[in-house]
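The numbers here are math on the coordinates, done by the rules we state, and not lab data. Since this is a predicted model, take the numbers as computed values, not measurements. Cβ atoms come from the backbone with ideal geometry, glycine included; neighbour counts cover every protein chain shown.
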Amino acid sequence: MIADIIRGIETELGGRAKLVAVTKTKPVALLQEAYDAGCRLFGENKVQEMADKQPQLPADVQWHLIGHLQTNKVKYIASFVALIHSVDSLKLLQEINKQAAKHNRVIDCLLQIYIADEETKFGLSADEAKALLDSPELESLTHVRLVGLMGLATNTDDEQKVRQEFRGLKQLYDSLAAIQRPTVQFRELSMGMSGDYRMAVEEGSTLVRVGSAIFGSR
Ligand SMILES: *Cc1c(COP(=O)(O)O)cnc(C)c1O
């Protein structure tokens, strides 16, 4: 069942974007089923849940933290996390760098950009992202790499609105991708979820985060 759905999504993506299976609230048995169907990228939004599940799955799973990350919790995932989608401050990036150094790792990160028309969503404005990418402090952060952007579109049935938000994020991505700094190497644009991943891929997404379309509602 899950295997068929995953195969269907992979076929639709056609190699244009990678699938991050969003497994928050789901039991480890379901993650194993997705793994057996070929999934290797798993997205969780809570640090504790991800840290609990990680040792129970095969070691080649790439764990993606997609939810808001508090500085004091970075230490629980620094030894294994593959990509943090939700960096929204220099302070958080500095802490990720510090914890990554303890494990002799370089942790890949995305800047979360605020693109939705909703007050509850986290993220940086375009100007804040530019300022962060320009900041001299980045030079000293040798244990993190900023590899792109992530955005959450407005939760609405208005497809045109969602498409405009994705398009705006892609434009920002393109304008920032030219930046040449040791800690900045853009190659990923994380946008699209169960309801809008097809559109997100049309607009240039390289990572879609799909939960309920695979595992059912939460
Ligand atoms: C839960 C979540 C998703 C997946 O949402 P679905 O609608 O279940 O596909 C994607 N991105 C983030 C940041 C999430 O928290």
| Output for segment 19-35, where each listed residue is in contact (Cβ under 8 Å) with a residue 40 or more places away in the chain and surrounded by fewer than 17 Cβ atoms within 10 Å (Cβ to Cβ) | Thr25, Leu30
| request: Examine segment 141-156 for a residue that is in a loop (DSSP other than H, G, I, E, B), surrounded by fewer than 18 Cβ atoms within 10 Å (Cβ to Cβ) and within 15 Å of the chain's Cα centre (by Cα), and state whether such a residue exists. | output: no
| field | All positions within segment 99-134 that are assigned to a loop (DSSP other than H, G, I, E, B) and within 23 Å of Asn72 (Cα to Cα) | value | His103, Asn104, Arg105, Val106, Tyr114, Thr120, Lys121, Phe122, Gly123
| Filter segment 23-47 for residues that are under 16 Å from Arg218 (Cα atoms) and part of a loop (DSSP other than H, G, I, E, B); which is farthest from the chain's Cα centre (by Cα)? | Pro27
| query | How many of the residues in segment 191-205 are among the polar types (S, T, N, Q) and either more than 8 Å from the ligand (Cβ to nearest atom) or in contact with a Phe, Trp or Tyr (Cβ under 9 Å, 6 or more places away or on another chain) (or both)? | reply | 1
| Selected residue (only one of Val184, Val147, Val162, Val208 is touching a strand residue (DSSP E or B) at 6+ places or on another chain (Cβ under 8 Å), β-branched (Val, Ile, Thr) and within 14 Å of the ligand (Cβ to nearest atom)) | Val208
| task | Return only the number of the condition from (1) surrounded by 16 or more Cβ atoms within 10 Å (Cβ to Cβ); (2) over 22 Å from Gln32 (Cα atoms); (3) away from the ligand (no atom under 16 Å from the Cβ) that Lys91 does not satisfy. | result | (1)
| request: Mind counting the residues in segment 74-87 that are without any contact (Cβ under 8 Å) to a residue 60 or more places away in the chain and either over 14 Å from Ala51 (Cα atoms) or away from the ligand (no atom under 16 Å from the Cβ) (or both)? | output: 7
| List, please: which pairs have Cβ atoms under 9 Å, are six or more places apart or on different chains, and start with a residue in segment 206-218 that is in a loop (DSSP other than H, G, I, E, B) and end with one that is basic (Lys, Arg) and more than 8 Å from the ligand (Cβ to nearest atom)? | Thr206/Arg16; Thr206/Lys18; Thr206/Arg187; Gly211/Lys26; Gly216/Lys26; Arg218/Lys26
| remark: Going through segment 54-98 in order, the residues found to be in a helix (DSSP H, G or I) and either among the aliphatic types (A, V, I, L, M) or touching a Pro at 6+ places or on another chain (Cβ under 9 Å) (or both) are Val74, Leu90, Leu92, Leu93, Ile96
